[in-house]
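Down below is the structure, laid out as structure tokens.
Read the figures in this text as sums done on the coordinates, not as results from a lab. For clarity, every value in this text was computed on a predicted model and none was experimentally measured. Cβ sites come from the backbone with ideal geometry, for glycine too, and all protein chains shown count toward neighbours.
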Amino acid sequence: MSEKSILGIGSRVKHPAFGDGVVISADVAAYRVCFITFGIKLVGKEYQNWDIIEKIEATEAVSFNEAEKSLIKILKTWSDISEVVPLGDKWKNGVMIIKPEDVSLKPKEVPIDAFFHKIVMVRDRVRVMEQRINSSDLNDEEKVNLQQYITRIYGSLTTFNVLFKNKEDYFVGEKSNE
């Protein structure tokens with residue numbers, strides 16, 4: 001990629017699937033673009049199929065720290081190794097009880113730690129699926145359609161955010177327009 005093709009923050013673009021957007025940040029491999037209809041999306045710096053409506057020159061190079069953060073994110077995304085995600089302190093050594101309405105049936109007790117581990121595994125696998133969709137040979141419309149399902153999956157799982165110790169580990173679905 002030539003130095004001329006690097007977009008600076010504030011550059012306006014038109015993406016064939018996401019529509020009009022503005023570059024709001026850039027890292028080593030991708031631009032973070034805010035699209036009017038689809039919100040904030042990452043678009044690889046090598047992407048060529050959009051129209052550049054207004055180009056703003058990039059003002060600074062990516063720092064080593066930003067490159068390191070990007071590399072860590074890529075390794076976490078593409079590896080099959082799950083990161084250690086802490087359970088909220090109030091749930092440690094707790095038990096989840098699933099109690100049927102029929103009193104003749106026994107309730108089921110599940111350690112919250114085991115249940116939480118399964119939730120984290122689902123989250124990690126959905127993230128890997130999302131990355132594989134984004135890097136696949138599907139056309140942009142198919143990627144957008146699948147991405148909407150991924151967003152809905154995250155939204156369905158937000159109920160379990162109460163189990164996480166750290167807010168940055170939460171599931172995030174589609175944001176409402178307030």
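Observations on the model:
- In plain terms, the chain from N145 to L105 could stretch by 10.1 nm, reckoned as 0.36 nm per residue minus the Cα-Cα distance.
- Binned Cα-Cα distance frequencies in region 80-178 - 5 Å width, integer %: 2, 11, 17, 18, 16, 13, 10, 7, 4, 1, 0
- Residues listed by number, region 126-170, amide nitrogen under 17 Å from I36 label point at 7 Å toward C-beta: none
- Of T151, T37, the sequence from fewest to most neighbouring Cβ atoms within 10 angstrom is T37, T151.
- This ranking places Y149, Y31 by how few other beta-carbon atoms lie within 10 Å of each, fewest first, which gives Y149, Y31.
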